[in-house]
Amino acid sequence: MMKSKNKVLRVLLVDDEEPSLWVLRKFLEKDQNIEIIGECTDGKSAVSAIEKYSPDVVFLDIQMPGMSGFDVIEEVGLDNMPEIVFATAFRRHAVEAFEIHAFDYLVKPI
């Protein structure tokens, strides 16, 4: 996830838990080269936001009601996904995440 000095990184946050979104938001807001372009609390809205806004990076939870983070990737298509940083409470999905070339895998609490 290399960026030029003047390029603003457009980030989408996806998590069904508000406290997790809050932590990510507060952490990322400190960097003036990061713009949070949206927040989604479910997979369906994440798919729509990814297709509509074309973020550079998606911070993506794995377990969400209705549609998992992996379902989101499948729906959008791996070739159409931006860089992925998983932010989840489950360590057991790390191997699968890196098999699909996730940029990083953060375990909650972050």
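At a glance:
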read-out: Low-density loop positions, trypsin sites (Lys or Arg not before Pro), the range 23-100 - DSSP coil, at most 16 other Cβ in 10 Å; value: K30
read-out: Cα gyration tensor shape of the range 5-46, rounded if a/c is under 1.5, else prolate or oblate by comparing a/b with b/c; value: oblate
read-out: Long-range HN-HN contacts of A87 with modeled amide H, under 5 Å; value: L60, D61, I62, L106
read-out: Value of relative contact order over the chain, rounded to a whole percent, pairs C-alpha under 8 Å and six or more apart; value: 24
read-out: DSSP loop chymotrypsin sites (Phe, Trp or Tyr not before Pro) with at most 15 other Cβ within 10 Å excluded, longest remaining stretch of the chain; value: 1-89
read-out: Answer label, with volume of the Cα convex hull per residue in Å³ calculated from the coordinates and candidates (i) 121; (ii) 103; (iii) 92; value: (iii)
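Each reported figure results from applying straightforward, stated rules to the coordinates on display, with no laboratory input. Quantities reported herein were computed from a predicted structural model and do not represent experimental measurements. We place every Cβ from the backbone using ideal geometry, glycine too, and count neighbours over all the protein chains shown.
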